Amino acid sequence: MQTRQTVADDNGGNASCDVRIRRVYEEPSADDGLRVLVDRLWPRGRSKQSAHVDVWLKDIAPSKDLRTWFGHIPERFDGFAARYCAELDANPEAVGRLRELVAGHSRVTLLYGAKDSEHNNAVVLREYLLGERDRHTDKA
(Lines give C-alpha, C1' and ligand atoms only; values in the text may rest on other atoms or scores of the structure.)
Protein backbone atom coordinates (compact mmCIF):
# COMPACT_ATOMS: atom_id res chain seq x y z
CA MET A 1 0.00 0.00 0.00
CA GLN A 2 1.79 3.08 -1.18
CA THR A 3 -0.57 6.04 -0.93
CA ARG A 4 -0.80 8.68 1.76
CA GLN A 5 -4.09 8.44 3.59
CA THR A 6 -5.91 10.46 6.18
CA VAL A 7 -6.17 8.53 9.41
CA ALA A 8 -9.10 9.27 11.69
CA ASP A 9 -8.02 9.96 15.25
CA ASP A 10 -9.86 9.29 18.51
CA ASN A 11 -11.04 12.89 18.78
CA GLY A 12 -12.79 12.96 15.42
CA GLY A 13 -9.88 14.78 13.79
CA ASN A 14 -7.63 13.51 11.06
CA ALA A 15 -3.91 13.01 10.69
CA SER A 16 -2.10 12.52 7.41
CA CYS A 17 0.03 9.40 7.40
CA ASP A 18 1.15 6.80 4.94
CA VAL A 19 -0.03 3.48 6.44
CA ARG A 20 1.39 0.45 4.67
CA ILE A 21 1.18 -3.26 5.32
CA ARG A 22 3.96 -5.76 4.79
CA ARG A 23 4.57 -9.38 5.64
CA VAL A 24 7.12 -9.57 8.45
CA TYR A 25 9.02 -12.26 6.52
CA GLU A 26 9.79 -9.84 3.68
CA GLU A 27 13.07 -7.97 3.82
CA PRO A 28 12.66 -4.59 5.50
CA SER A 29 12.78 -1.52 3.29
CA ALA A 30 14.52 1.73 4.13
CA ASP A 31 11.25 3.57 3.45
CA ASP A 32 9.05 1.47 5.78
CA GLY A 33 9.00 4.18 8.42
CA LEU A 34 7.96 2.91 11.84
CA ARG A 35 7.56 -0.88 11.68
CA VAL A 36 4.75 -2.15 13.94
CA LEU A 37 4.08 -5.86 14.41
CA VAL A 38 0.31 -6.31 14.84
CA ASP A 39 0.19 -10.06 15.52
CA ARG A 40 -0.38 -11.59 18.94
CA LEU A 41 2.33 -14.22 18.40
CA TRP A 42 5.93 -13.59 17.40
CA PRO A 43 6.53 -14.87 13.83
CA ARG A 44 8.08 -18.32 13.70
CA GLY A 45 11.67 -18.51 12.57
CA ARG A 46 12.18 -14.75 12.65
CA SER A 47 14.62 -13.31 15.15
CA LYS A 48 13.92 -9.95 16.73
CA GLN A 49 17.01 -8.58 15.02
CA SER A 50 16.11 -9.84 11.53
CA ALA A 51 12.47 -8.72 11.77
CA HIS A 52 13.45 -5.08 12.36
CA VAL A 53 10.31 -4.48 14.43
CA ASP A 54 10.22 -1.09 16.13
CA VAL A 55 7.07 -1.73 18.17
CA TRP A 56 5.16 -4.95 18.89
CA LEU A 57 1.50 -4.28 19.70
CA LYS A 58 0.22 -7.71 20.77
CA ASP A 59 -2.94 -6.22 22.28
CA ILE A 60 -4.15 -4.81 18.94
CA ALA A 61 -4.25 -8.29 17.38
CA PRO A 62 -7.44 -10.36 17.08
CA SER A 63 -8.30 -12.61 20.02
CA LYS A 64 -7.21 -16.24 19.99
CA ASP A 65 -10.85 -17.35 19.65
CA LEU A 66 -11.39 -15.12 16.62
CA ARG A 67 -8.13 -16.21 14.97
CA THR A 68 -9.06 -19.86 15.53
CA TRP A 69 -12.56 -19.36 14.10
CA PHE A 70 -11.20 -17.53 11.03
CA GLY A 71 -8.48 -20.10 10.32
CA HIS A 72 -7.36 -17.96 7.36
CA ILE A 73 -10.28 -19.28 5.31
CA PRO A 74 -10.92 -16.55 2.70
CA GLU A 75 -14.68 -17.18 2.66
CA ARG A 76 -14.80 -16.19 6.35
CA PHE A 77 -12.85 -12.98 5.87
CA ASP A 78 -15.78 -10.55 5.87
CA GLY A 79 -17.14 -12.11 9.07
CA PHE A 80 -13.65 -12.05 10.56
CA ALA A 81 -13.21 -8.40 9.63
CA ALA A 82 -16.54 -7.38 11.17
CA ARG A 83 -15.80 -9.27 14.38
CA TYR A 84 -12.26 -7.93 14.55
CA CYS A 85 -13.58 -4.37 14.16
CA ALA A 86 -15.95 -5.04 17.07
CA GLU A 87 -12.96 -6.23 19.12
CA LEU A 88 -11.08 -3.06 18.18
CA ASP A 89 -14.07 -0.94 19.23
CA ALA A 90 -13.98 -2.69 22.61
CA ASN A 91 -10.22 -2.12 22.95
CA PRO A 92 -9.77 1.68 22.96
CA GLU A 93 -6.47 1.55 24.87
CA ALA A 94 -4.68 -0.51 22.20
CA VAL A 95 -6.29 1.43 19.35
CA GLY A 96 -5.32 4.71 21.03
CA ARG A 97 -1.73 3.54 21.37
CA LEU A 98 -1.58 2.70 17.65
CA ARG A 99 -3.19 6.03 16.72
CA GLU A 100 -0.55 7.83 18.81
CA LEU A 101 2.20 5.99 16.95
CA VAL A 102 0.62 6.81 13.59
CA ALA A 103 0.20 10.48 14.53
CA GLY A 104 3.87 10.71 15.44
CA HIS A 105 5.21 9.39 12.13
CA SER A 106 4.80 10.25 8.48
CA ARG A 107 4.88 6.57 7.52
CA VAL A 108 3.93 3.44 9.46
CA THR A 109 4.19 -0.12 8.19
CA LEU A 110 1.91 -2.67 9.86
CA LEU A 111 3.64 -6.04 9.91
CA TYR A 112 1.81 -9.37 9.85
CA GLY A 113 2.87 -13.00 9.59
CA ALA A 114 0.05 -14.58 7.56
CA LYS A 115 0.84 -15.98 4.11
CA ASP A 116 -2.30 -14.47 2.55
CA SER A 117 -1.67 -10.80 1.75
CA GLU A 118 -5.36 -9.99 1.17
CA HIS A 119 -7.08 -11.82 4.05
CA ASN A 120 -5.33 -10.95 7.30
CA ASN A 121 -5.69 -8.76 10.37
CA ALA A 122 -3.31 -6.06 9.11
CA VAL A 123 -5.59 -5.42 6.12
CA VAL A 124 -8.56 -4.96 8.45
CA LEU A 125 -6.58 -2.86 10.90
CA ARG A 126 -5.42 -0.52 8.13
CA GLU A 127 -9.02 -0.12 6.92
CA TYR A 128 -10.11 0.52 10.50
CA LEU A 129 -7.49 3.24 10.94
CA LEU A 130 -8.45 4.85 7.64
CA GLY A 131 -12.15 4.84 8.51
CA GLU A 132 -13.03 2.26 5.83
CA ARG A 133 -14.38 -0.38 8.22
CA ASP A 134 -18.01 -0.03 7.07
CA ARG A 135 -17.56 -2.49 4.23
CA HIS A 136 -17.52 -5.36 6.78
CA THR A 137 -19.92 -4.23 9.51
CA ASP A 138 -23.05 -5.90 8.11
CA LYS A 139 -21.40 -9.29 7.53
CA ALA A 140 -20.72 -10.49 11.08
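The values are calculated or read from the model by the stated rules, or taken from the named source; none is laboratory data. These numbers were taken from a predicted model, which means no experiment stands behind them. Methodologically, a virtual Cβ is constructed for each residue, glycine included, from the backbone with ideal geometry; neighbour enumeration extends over all protein chains shown. What goes into the accessible areas is simple: the full protein's heavy atoms, side chains included, and nothing from ligands, DNA or RNA. Shrake-Rupley method; radii C 1.70, N 1.55, O 1.52, S 1.80 Å.
For Glu26, the accessible surface of its heavy atoms amounts to roughly 80 Å² (probe 1.4 Å, protein chains only, rounded to the nearest 10). Computed extension length for Asp89-Trp42: 14.5 nm, one decimal, from 0.36 nm per residue of separation with the Cα-Cα distance subtracted.
Here the spin labels are modelled as points 7 Å beyond Cα on the Cα-Cβ line, and at Ile73 and Ser29 they lie 3.4 nm apart.
Using θ = phi - 60° in the Karplus curve 6.51 cos²θ - 1.76 cosθ + 1.60, the 3J(HN,Hα) couplings for region 75-85 round to 5, 9, 4, 4, x, 4, 4, 5, 5, 5, 4 Hz; x is entered for Gly and Pro. With a cut-off of 12 Å on the backbone N, the residues of region 80-124 near the modelled label site 7 Å out from Ser16 along Cα-Cβ are 106.
These residues, Glu93, Glu132, go from largest to smallest accessible area, 1.4 Å probe, as Glu93, Glu132.
Near the amide H of Arg20, within less than 5 Å, lie the amide hydrogens of Val108, Thr109, Leu110, all on another chain or at least 5 residues away, with H placed in the peptide plane.
Kirkwood radius, region 78-124, all distinct C-alpha pairs, inverse of mean reciprocal distance: 12.0 Å. Assuming charge only on the beta carbon of Lys and Arg (+1) and of Asp and Glu (-1), the dipole of region 84-126 about its Cα centre is about 220 debye to the nearest 20.
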